[in-house]
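Student: Take this structure, written in structure tokens, and hold onto it; I'll ask about it next.
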Amino acid sequence: MKRALFTLFFLLWFGVSFSQTGNSCTTPHLLVNKIKAEHFSPPPIDEKFHARVINEVVEILDPDGLYFLESDVREISALPLHLNDPTKNNSCEFIDKATQVYQKRLTDAVRIVTLKTAKPFDYSKKDSLYFSVNQTTEHETTLSELERDWEIWLKSSTLSRMAQTAKAMTVKDWMAVEKVSREKVRDKTLAKLNRLLRGSVSPKEFVANVLLKSIAISFDPHTNYFTLSEIKDFESSLSSSAYSFGFDLDENALGEIVVDRLAPGGPAWNSHLINKGDAIISVSWPNGEVSNPLDFDDNEFEGKINSADRLSGTFTFKKADGSSVEVLLHKEKRESIESNVQSLLLKGEKSVGYISLPGFYSDWGGEGQSCASDVAKEIIKLKKENIQGLILDLRFNGGGSVQEAIELAGIFIDVGPMALSKSKDGQIISLKDIHKGLAYDGPLVILINGFSASASEITTAALQDYNRALVVGSTSYGKATAQNVFPLIQGKDSLGFVKITLSKAYRITGKSHQRKGVQPDIYLPDFYSILQISERTNRHALPSDSVIKKVYYTPLTKPTVAPLKNRSEERIQNSAWFKQLRDFQNFYQAPQLLEINAYIQHHLASQAHVKQLDETKSASTKPLYRVMQNKFDGALLGLDENRNMASQELLKDIERSAYIEEAFQIILNYLSLTKP
């Protein structure tokens, strides 16, 4: 019987706003034909592909293995899809029968949750959860085993809620909040199940939507189907600005969704009626729908509010004094400062510039946005501070525009090819920076980690191949494919959109980082490596290969990496912070006991690990540098409170970052080795 702490899976949000026109039973065939016609390397639409699709349907409908039994999976797997049979393109057999199984198990889940939360759990039982990164969910064989899994899950969720609300870390204090915590878990879980059963989207529509998503990702993990509302959210995610109500949310100790931060000048701020700490009671939308945060998981509720198709709403807030207030808010388009390029100056033995680039946004909406151009502007500011080195931080940069990636690499290279691209017909083209000249020619360190993907990998690989930068960190994600979005249309009906993989990217050497990632020149331990989130762990990821094409480029003299690497490894080995990081990784992967005394001790130990990591870095008696604004930004920030707050948050993060400190040390070592 499984006892997984959590299951990692890649899942597009296929939310309750699903709404399409057209026949949902014919859409799968249209989708398959569209993807087959455009995809870089479509697999045969045979029984093996059908099995892939059905497996994905089961994974999306039941990612935690809490709904279906093995017998249900076998029943669904035996249903015909007819994806390669044009004579049966109107068949609803799979959708109808899969929906029946799904509805039955959701109804069972309502009964199980109600039963299991009717009285306190036995917190003296030696139940446990273990850390798991399995990509495939296991399913139980009997209903009693499934009920036991639900009991473990609900008990764990209740303990987690008790940890947030208990006044002290004692069994007595925890048990004092057990009932309210258990009921909160029950209510949220039942609300989710009832939305799936009786929400604005019928179970049949929901399963039909899941089938479309499953078909798409069965071609490869980055081919995706979007509903009409989801495509707006996708487009918004690629931009450096977005429509917003102007506040961030968090959960307080009582489990309420509260305002955590107001964006100065935003709609919430300008209402003069909303304060930090106000709890959201409900939101009434223009279509008459009312959203209660108690009915949603925290991420689900925030996703609903941030959805691009919800531009206004009447929010009811509970104030600190217990009174309530209704506020009609209209979203306004605001620059997402946290997603934009930001720079700082590290002033120490040498002056080193630091640039953070969270994503490769571009001029998708014709508004002149360009991350490459923005990076160049920040470099100009930093060069006026006489920097002797530069750190470009691409950690957690999931990619974006390939053209921006090419142009960003061109900022640091005079002229030449940056990458290769191979299309469906086998044609290989060279991707070049067409702008002669460069913005910066000094020492450059690029920071990456396992969440640096796609466009960020193209930039990193190009600069590494030109010997233009030292790459520092952990192996990148390993996505070397490019996609485009197409409408899915039947007659006059819009059936959604599909993002299809059209090409593969290669380094100028002809090698690929697909599935492999970009390997750093100097490795730094990364906590998230234990999660094993990478392209190679994705089901249906395209293989890695290489191409042969003559390209002419002139790499710089390769820097002597060995002494820099040796010094870095010695520092890491002797670093108290990195030792604690390794200890925390080991702690995190150990089984978690659900006996209440053991759980409290585990919770205290987890808090201690986090506190120790924070205090060890901040307790440095001899900081290597001061983190400062450049003079240009320093003068402007006083006039822009929103930008100033974001900049101060980044400044604090950088001051306490062991990774930035190590990158700074590497630049100092490099300068000492290369000085005349």
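The values are calculated or read from the model by the stated rules, or taken from the named source; none is laboratory data. Remember, predicted model here, so these are calculated numbers, not experimental data. Here Cβ is always computed from backbone atoms with ideal geometry, including for glycine, and neighbour counts include all displayed protein chains. Note: areas computed on protein heavy atoms with side chains; ligands, DNA, RNA excluded. Shrake-Rupley method; radii C 1.70, N 1.55, O 1.52, S 1.80 Å.
Student: When the solvent-accessible surface of protein heavy atoms is calculated with a 1.4 angstrom probe, in what order do THR560, THR170 fall, highest first? Could you put the intermediate results ahead of the total?
Tutor: Values: THR560 95, THR170 60 Å².
Highest to lowest solvent-accessible surface, that is THR560, THR170.
Student: Any idea of ASP278's accessible area? Nearest 10 Å², probe 1.4 Å.
Tutor: 10 Å²
Student: Here's another thing I want to ask about it. Spelling out what I want: for every residue of the stretch 376-389, take phi, set θ = phi - 60°, compute 6.51 cos²θ - 1.76 cosθ + 1.60 (Karplus), and round to whole Hz; glycine and proline get x.
Tutor: Per-residue couplings from phi come out as 4, 5, 5, 5, 4, 4, 5, 5, 5, 8, 6, 5, 10, x Hz.
Student: Where Lys and Arg each count +1 and Asp and Glu each count -1, what net charge lies around GLN580 among other residues with Cβ under 12 Å from its Cβ?
Tutor: Details: positive: LYS579, ARG582, LYS611, LYS617; negative: ASP583, ASP614, GLU615.
Counting the neighbours of GLN580, the net charge comes to +1.
Student: Right, another one. Using only alpha carbons, build the gyration tensor for the stretch 446-546 and give me the equivalent ellipsoid semi-axes, biggest first, whole Å. Provide the component values of the computation, followed by the final result.
Tutor: Numbers: eigenvalues 183, 51, 27 Å².
After scaling each eigenvalue by five and taking roots: 30, 16, 12 Å.
Student: So what are the ³J(HN,Hα) numbers for the stretch 398-405, from phi and the Karplus equation (6.51, -1.76, 1.60; θ = phi - 60°), rounded to whole Hz, Gly and Pro as x?
Tutor: Couplings: x, x, x, 6, 5, 4, 5, 4 Hz.
Student: Find the percent of Cα-Cα distances in the stretch 405-481 that exceed 14 Å, and round it to a whole number. Numbers along the way, then the final one.
Tutor: Values: 1785 of 2926 pairs.
Of the Cα pairs, 61 percent sit more than 14 Å apart.
Student: Continuing with this model, one more query. Could you give the accessible area per residue of the stretch 405-510, probe 1.4 Å, as a whole number in Å²? Display every interim value, and only then the final one.
Tutor: Values: 3340 Å² over 106 residues.
Heavy-atom accessible area per residue stands at 31 Å².
Student: Under the rule that a partner needs its Cβ under 4.7 Å from the first Cβ, which Cys of the chain have none?
Tutor: CYS371
Student: Cα extents of the stretch 534-676 along the three principal axes, largest first, in whole Å?
Tutor: On the principal axes, the stretch 534-676 reaches 65, 50, 35 Å in Cα extent.
Student: Let me ask you something else. If ligands, DNA and RNA are left out, what is the accessible area of TYR130 with a 1.4 Å probe, given in Å² to the nearest 10?
Tutor: 80 Å²
Student: Could you state the number of Å between the C-alpha centres of the stretch 422-455 and the stretch 377-405?
Tutor: 13 Å
Student: Roughly how many percent of the accessible protein surface of the chain is carbon and sulfur, given a 1.4 Å probe and a whole-percent answer?
Tutor: Working: 15860 of 30330 Å².
Carbon-and-sulfur percentage of accessible area, whole number: 52.
Student: Per q in 0.07, 0.08, 0.09 Å⁻¹, report the Debye log10 I(q)/I(0) for the chain, using one uniform scatterer on each alpha carbon and no solvent.
Tutor: Values, matching the q order: -0.53, -0.70, -0.91.
Student: Another question, if that's okay. Quick one: accessible surface of LEU502, probe radius 1.4 Å, all protein chains present, in square angstrom to the nearest 10.
Tutor: So the heavy atoms of LEU502 present about 50 Å² to solvent.
Student: Given the Cα atoms of the stretch 531-577, and with Rh set as the inverse mean 1/r over their pairs in the Kirkwood sense, what is Rg to Rh to two decimals? Present the calculation step by step, with values, prior to reporting the outcome.
Tutor: Numbers: Rg = 18.7 Å, Rh = 15.8 Å.
Ratio of gyration radius to Kirkwood radius: 1.18.
Student: Using only Cα positions of the stretch 176-264, each an equal point scatterer, no hydration layer, compute I(q)/I(0) via Debye at q = 0.25 Å⁻¹ and quote the log10 values to two decimals.
Tutor: Debye output, listed in q order: -1.12.
Student: If Lys and Arg each add +1 and Asp and Glu each add -1, what is the summed charge of the other residues whose beta carbon sits under 13 Å from the beta carbon of GLN483?
Tutor: +2
Student: List the aspartates and glutamates whose alpha-carbon lies under 17 Å from that of LYS384, not counting same-chain residues fewer than 8 positions away?
Tutor: In chain and number order, the partners are ASP374, ASP441, ASP633.
Student: Here's another thing I want to ask about it. Please go through the stretch 137-225 and write out the GluC sites (Glu not before Pro) that DSSP classes as loop and that have at most 16 other C-beta atoms within 10 Å. Walk me through the intermediate numbers first.
Tutor: Working: sites: GLU138, GLU140, GLU145, GLU147, GLU151, GLU178, GLU183, GLU205; in loops: GLU138.
Sites meeting the loop and neighbour criteria: GLU138.
Student: Also: For q = 0.30 Å⁻¹, what log10 I(q)/I(0) does the stretch 50-89 give under the Debye formula with an equal point scatterer on each alpha carbon and no solvent?
Tutor: -1.03
Student: Quick check on the stretch 28-117: what are the equivalent-ellipsoid semi-axes from the Cα gyration tensor, as sqrt(5λ), descending, whole Å? Mind dumping the intermediate values first?
Tutor: Working: eigenvalues 183, 38, 23 Å².
Equivalent-ellipsoid dimensions as semi-axes: 30, 14, 11 Å.
Student: Cα atoms only, the stretch 359-461: Rg and Dmax in Å?
Tutor: Considering the stretch 359-461 through its Cα atoms, Rg and Dmax are 14.1, 49 Å.
Student: How much area per residue is accessible in the stretch 16-159 when the probe is 1.4 Å and only protein heavy atoms are counted (Å²)? Please report the intermediate quantities before stating the final value.
Tutor: Values: 6270 Å² over 144 residues.
Dividing the accessible area of the stretch 16-159 by its residue count gives 44 Å².
Student: Something else: Roughly how many Å² is the accessible area per residue of the stretch 539-584, as a whole number, for a 1.4 Å probe?
Tutor: Details: 3120 Å² over 46 residues.
With the other protein chains kept in place, the stretch 539-584 gives 68 Å² per residue.
Student: Projected onto the charge dipole of the stretch 537-676 (+1 at Lys/Arg Cβ, -1 at Asp/Glu Cβ, origin at the Cα centre), which of PHE584, THR674, SER657 gives the Cα projection farthest towards the positive end?
Tutor: Going by the Cα projections, it comes out as THR674.
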